[in-house]
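Read the structure below first, then the notes.
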2 protein chains.
Amino acid sequence: MRRLPLVLFAAGLLASGVACAANTTIPATAIQTATQLRDQALHDDTAYRITASLTTEIGPRLAGSDADQRARDWAVAKFKELGYDKVYTEPVTYPLWQRRSEHGAIVAPFPQPLVLTALGYSAGTPQGGLTAQVVKFDSLDALKAADPVSIKGKIVYVGYRMQRAKDGHDYGMGSAVRTTGAVIAAGKGAAGYLLRSAGTDAHQRIAHTGVTGFRDPKTAIPAAALSNPDADQLERVLAYGKPVTVKLDLDCGIVGEYTGANVIGEITGRKHPEQVVAIGGHLDSWDPGTGAIDDAAGVAIAMAAGKLIGDLPQRPDRTIRVIAFANEEMGLWGGRAYADKHATDAGKFQLGTESDFGAGRIWRMSASVKPGARGAIEQIAKVLEPLGVAYDANRPGGGGSDLSQMHAKGMAALSLTQDGTHYFDWHHTANDTLDKVDPTELAQNVAVYAAFSYMAAQADGNFGSAPGAFAKDGAGE
Amino acid sequence: MRRLPLVLFAAGLLASGVACAANTTIPATAIQTATQLRDQALHDDTAYRITASLTTEIGPRLAGSDADQRARDWAVAKFKELGYDKVYTEPVTYPLWQRRSEHGAIVAPFPQPLVLTALGYSAGTPQGGLTAQVVKFDSLDALKAADPVSIKGKIVYVGYRMQRAKDGHDYGMGSAVRTTGAVIAAGKGAAGYLLRSAGTDAHQRIAHTGVTGFRDPKTAIPAAALSNPDADQLERVLAYGKPVTVKLDLDCGIVGEYTGANVIGEITGRKHPEQVVAIGGHLDSWDPGTGAIDDAAGVAIAMAAGKLIGDLPQRPDRTIRVIAFANEEMGLWGGRAYADKHATDAGKFQLGTESDFGAGRIWRMSASVKPGARGAIEQIAKVLEPLGVAYDANRPGGGGSDLSQMHAKGMAALSLTQDGTHYFDWHHTANDTLDKVDPTELAQNVAVYAAFSYMAAQADGNFGSAPGAFAKDGAGE
């Protein structure tokens, strides 16, 4: 956010009529075609059919599982079926974490089962389970401030209640309790870690999984999330004021290394095939659900947008590259591998962004581009405006989850913010299934992606991508 | 329903001023006290505290489990703590069914796990699970009509979608698909049975358990309910038109016989201690949830109503008997044992009804009483009217789940119908937890039970209870 004043300054220059030959613009013919793509997308169910196909034919696809391999095969076949010109994969290597079984229970004073789910990179418990007293903290700060003496050998529980928001901003704290909280507890000698699920549902007996900050199995401890009603129950039991003992029985852990792949489909550019507009989603999902909103929808939005452009009578000037990323869930492995591989090529990226925040309507656009491309962004925004997308010139564009890594290497990036009001009700749970996807809202996303991608591909000029170009501009947010 | 015209005729006689000495009436002083009890109950949180106590301190309490025994101890202690005069138990013996573990998966063509739950009295699957092709029916009638040849050796799936209603009437069909459907499938040689959960939720990956019609382990087959999204998924997979194979791995079954108990607390009548107003709920619950709405709330409503009456300066004329029934869930075992034991005493019951339809507001009252008590029922209705309870003189009173059995033996009975609009979203699932209970709505129930029980206890005359009195009058509905 440190560079925002500069961005505003640049926007101000443009608004006051200062322009130069280097300024990027979208030709009128491109705007016309983009408008047609936009309107066509609203009546096209390709993205919904792709989402249904992936979630039905593959279902859950935890990174490194058999289903993950099937998902890659599916993606290759789907790109081909949709008429993409070029389909290929790029390897991604990461630690292989497996979930085999998970059980939890209050042992004393009131014995009863607890609904929980192990977190990514959680250690397993010893044979026979881990039984220990629970010590409760209301927040991450309280845990940070705690004396290790009060924690050593105990199961730390953090009861932070994530708040609902359209932009989902409280996931910042919710996920920090999960990722950082687990590491802090382990560092202070905790035997295990529990949190109230980072989710905005209140009444579902379904826990939200997600990754921890553990990367080294030697420092990991058993870590799990309680469903919200189970967190309520544990807090009620704790409120009796007696020592509360919980048993965790988690059979999970890192079992080695795995090499998966990002799967990539391209609509090859007619004039500048080496210059790419990069869009995508991630192919992996957490295992309890079928990953419909996280992130079959994102993959489908990008695939369907590319397909619409591919169906035009003529290929666009630049390449539309759709990337179905590997293992986003356990730490942006696909996105980081991609950025590492393409860092030196950052200048070949025209503009990019990834869809990974569900299937709700896009309501806000922001961009991190060179000042001379701000006018082109405004042209794009004008085409998206009738879809209910408001352009916020005061925010940077992050590029989405995996592509944030490429943005950090210098790719000019948009943020296309979806309505996440209900996203965290289902996110990372068994409830992330196809019925949570509204076909109409999904189509609106495709309209946005198809229109912006086409205009970026046809622009006169670039958006400022270059190695290191946005290193300080909110990149990697 | 065959006797309804007679009931209407009797009501008509009363309305036209025909009365005789035998007519039952509620004295004005009793109406005054009942009105006070009613208004007091609305501001009393005793029932909520009882519900919280049972669901927190005991949690799930499947009939015959260790927790079931702890629940009985809890009930005895709670009655005493609430000041009941007499607390005792009556044994109830039933087959002991246990659920140990349950897993399901689509094996082909698209392998993936299914969220399901074994049904009461389901057989277990063989070691290694049961794998068979699925044959789908849309309704119970379609299954009834099916040629056994199409079913033999297969897993029958019935996809009936239960409809939401304030009075929950579609549970009639929903539960029939579960109880009768399983028996019909087994009778036609099915290897296993699956149904779309008998629930009105659409988006929860949580299955609704419940009993089957199996009683003899020799004729039982493995039977389970799919969550609604899993039923959607199975139907989507079936729609591809390829053979669909499912694997069921259910470790469950009847392991012997168990003797539990109904737990009974009494506020002893001052003038006629042997004459009883019978109210109650059932103490057991299904095991996935903590049985808050089914039926800690019912037990709590009755216990709290009795306690309010017990707190009056003077004991009521007749006894208020609160019964916490054993094992309602697997076939009204507590209610049937109670009715068998007390059949010859039916004449000593003044009036009775059980609360077992959640914790929503009571909105309707109906009664099965002798014609000469119809006026007293109208007097009661008038006191309940300000609570939003409408008296429907055209319906019989069933007495609720377990007490329907005592009504069938001749006990005059009310039906106090709760708002069940959302009941079947949570019913028989892991989601049946305390957060589903609204303290204000619960208190309204206590107001109804306290007021009616007190007026029934103080009535001049009886309501027509006698052995066999209501045998044809909708009893046991």
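Each copy carries a label point for A:K341 at 7 Å from Cα along the beta-carbon vector; from one copy to the others these points are 7.3 nm apart, nearest first. Within a straight-line Cα-Cα reach of under 19 Å, A:K271 can be paired with the following aspartates and glutamates, leaving aside sequence neighbours fewer than 8 residues apart in one chain: A:D85, A:D311, A:D317, A:D345, A:D460. Only the Cβ atoms of Lys and Arg (+1) and of Asp and Glu (-1) were treated as charged; on that basis the dipole of the range B:86-216 about its Cα centre amounts to roughly 120 debye. Counting 0.36 nm for each residue step from A:D138 to A:K242 and taking away their Cα separation leaves a gain of 35.6 nm. Across identical copies of the chain, A:Y88 has label-point separations of 8.7 nm, listed in ascending order, with the point defined 7 angstrom from Cα along Cα→Cβ. In this label model, B:E257 and B:D392 are separated by 4.0 nm, measuring between points 7 Å along each Cα→Cβ vector.
With runs of 4+ DSSP H residues as the only contributors, calculate the mean residue ellipticity of chain B at 222 nm using -39,500 (n - 2.57) per run, divided by the residue total and rounded to the nearest 500.
Working: 13 runs with 153 residues, N = 477.
Calculated mean residue ellipticity at 222 nm is -10000 deg cm²/dmol.
Shielding value for B:115-123 is 1, the average number of Cβ atoms from other chains within 10 Å of each residue's Cβ.
Longest segment of chain A with no trypsin sites (Lys or Arg not before Pro) in a DSSP loop having at most 13 other Cβ atoms within 10 Å?
A:272-471
Taking Cα atoms, how many degrees apart are the long axis of helix A:4-15 and the longest axis of chain A, rounded to 10 and kept between 0 and 90? So the helix axis and the longest Cα principal axis differ by about 20 degrees. Rounded to the nearest 10 degrees, the inclination of helix A:46-57 to the longest alpha-carbon principal axis of chain A is 30 degrees. Between identical copies, the spacing of B:Q133 label points, each set 7 Å from Cα toward the C-beta atom, reads 6.1 nm from nearest to farthest. Taking the range A:417-432 and a reference point 7 angstrom along Cα→Cβ of A:Q163, the backbone N atoms nearer than 18 Å belong to A:420-425. Equivalent ellipsoid of chain B: semi-axes from √(5λ) of the C-alpha gyration tensor, largest first, are 42, 23, 19 Å. For the protein assembly as shown, the equivalent ellipsoid derived from the Cα gyration tensor has semi-axes of 60, 28, 28 Å, listed largest first. For B:K242, a cut-off of 16 angstrom between C-alpha atoms picks up these lysines, skipping any fewer than 8 places away in its own chain: B:K136, B:K154.
Peptide B:209-219 has a mean of 0 when you count, residue by residue, the C-beta atoms of other protein chains within 10 Å of its C-beta. Out of every Cα-Cα pair that the range A:108-147 contains, those further apart than 14 angstrom amount to 70 percent.
Given a Förster distance of 22 angstrom, what is the FRET efficiency for A:E274 paired with A:Q314, based on the Cβ-Cβ distance and rounded to 0.05? Write down the numbers at each step before the final one.
On the way: r = 18 Å, r/R0 = 0.83.
So the FRET efficiency works out to roughly 0.75.
The figure for B:I362 is an accessible area of roughly 0 square angstrom, using a 1.4 Å probe on the protein chains alone. About its Cα centre, the protein assembly as shown has a charge dipole of approximately 180 debye under the convention of +1 per Lys or Arg Cβ and -1 per Asp or Glu Cβ, with nothing else charged.
Here are some pairs, A:K166/B:K436; B:K218/B:K409; B:K144/B:K218; B:K166/B:K341; B:K86/B:K370; which of them have Cα atoms lying more than 27 Å apart in this structure? Check vs 27 Å cut-off fails for B:K218/B:K409; B:K166/B:K341; B:K86/B:K370. Note the angle between two axes, namely the Cα long axis of helix B:66-81 and the longest principal axis of the Cα atoms of chain B, as a number of degrees from 0 to 90, rounded to the nearest 10. Approximately 10 degrees, to the nearest ten.
The values are calculated or read from the model by the stated rules, or taken from the named source; none is laboratory data. This is a predicted model, so every value here is computed, not measured. Reconstructed Cβ throughout: ideal geometry from the backbone, glycine too, with neighbour counts over all protein chains shown. The area values use the complete protein model at the heavy-atom level, side chains included, leaving out ligands, DNA and RNA. Shrake-Rupley method; radii C 1.70, N 1.55, O 1.52, S 1.80 Å.
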